[in-house]
């Protein structure tokens, strides 16, 4: 029987996001726990796909009405009730922040109820989600039009757009308020990730669950079916040419008969626009879903309907799936990128059409990267000493580097230091034991 500290699992699988990259904005947490943002807001026409409208909406920058654009990271006027922020998330046109007292704040465009305030009103500054008061939230994630929260007891809450089943309630209804995902009753979830129109969750035993739109196989269940309820990844059979380790058995042997892959035991997950990444506990990375631009890192452009191990990577400690590109950081602090790079979001000094295999970002060699954030068309990197770097699409000021041109190589933010110390506020008594019974061992949360 093996005993696990549930708090340690939460900490390992939910390293607080000190930066977040949305469609056209970025949000940062500095060393004092204060929020800064840069970028621009959508227009009515962009959000509702009506070209005749041009009025700027209250956007995800959080600086109030009349601030539609910021070209450098600028502190939000709100102090979040004078409580430090510990994690942030950025969706298409909304943002979420988690504070040290486990409160969740949201702001931006409110269509479909993605802000969680019981209506579809827009908010130009952070507003506390009262429906989650007292729930002891430990993680948040923002998709295109929906949001997820994880509480310290391992429960998942969702709200916003539900047309593809991405909320996990067994229907396709929008939810204006956070609603508990009852399908996880009896499970202890340790991480959640909201994608474009799908969602991922990771349970304490390392199992990956997915639900929502199944287009391109991004749910990883071997088909493209929509799932209205969370579904656990099952046994995967592979066979054929294994020269590059693509069969997922930890070797390069060919297999003539379908052979089950040892179960993926994950420690982190990331849902992109139409693809997904899972990081196993041995440091391997598995990818599934849309691969039109090589964002799965498998050396080709074929979609994958089941999790497939990315060959050739050193041991990895963090992953991030963007719109059409992916980022990983190794245990040695090196950053690798792959997928669509036509706006410089891969960081290799060129506007590549795409890279089919993980390639180290040489300009970041030696910086000691500990955080990677893949946005829609730009990328953010955090170093262990608090330095932050950005590259990719410069349009709409989303990089916040004072430039509107695309940046194909990483540039350091000159006046920004992101928080690097572990500051999640976890329940010290929230333990989980495999096999039942009281715990007898604790593990420390390591950053």
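No lab work stands behind these numbers, since they all come straight from the coordinates. On a predicted model such as this, the values are computed, not experimentally measured, just so you know. We place every Cβ from the backbone using ideal geometry, glycine too, and count neighbours over all the protein chains shown.
From the P(r) of the stretch 253-303, could you give the percentage of C-alpha pairs in the tail past 13 Å? List each step's numbers first, then the result.
Working: 808 of 1275 pairs.
Here the long-distance tail beyond 13 Å is 63 percent of all Cα pairs in the stretch 253-303.
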Exercise for review: Kindly provide log₁₀ I(q)/I(0) values, in the same order as q = 0.11, 0.15, 0.23 Å⁻¹, from the Debye equation applied to equal alpha-carbon scatterers of the stretch 299-422.
Suggested key: -0.34, -0.63, -1.40
**Study point:** Point-to-point label distance, residue 182-residue 133, nm (Cα→Cβ direction, 7 Å offset)
**Key:** 2.6
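What translational D, rounded to a whole number of µm²/s, comes out for the stretch 312-373 from Stokes-Einstein when the hydrodynamic radius is the Kirkwood one over Cα pairs, at 4 °C and 1.567 mPa s?
114
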Review point. Based only on Cα atoms, what Rg/Rh ratio does the stretch 131-226 have, Rh being taken as Kirkwood's radius?
Key: 0.94
Point to revise | Average projected area [Cα convex hull, the stretch 113-272], square nanometres | key: 10.2
Practice item. Using only Cα atoms, locate the centre of the stretch 95-155 and the centre of the stretch 187-204, then give the distance between them in Å, rounded to an integer. Key: 16
Review point. Plugging the Kirkwood radius over Cα pairs into Stokes-Einstein for the stretch 200-359, at a temperature of 20 °C and a viscosity of 1.002 mPa s, what D comes out in µm²/s?
Key: 138
Study note, to complete from the structure: Relative contact order in percent for the stretch 214-346 (Cα pairs under 8 Å, 6+ apart) equals 22
Study note, to complete from the structure: Here the equivalent ellipsoid of the stretch 367-418, derived from its Cα gyration tensor, has semi-axes (largest first, whole Å) of 18, 12, 8
Review point. Can you give the extra length, in nm with one decimal, that the chain gains between residue 292 and residue 412 once fully stretched, where that is 0.36 nm per residue apart less the Cα-Cα distance?
Key: 40.2 nm
Check your understanding: Taking N as the number of residues in the stretch 90-185, what value does Rg over Cα atoms divided by 2.2 N^0.38 Å take?
Key -> 0.95
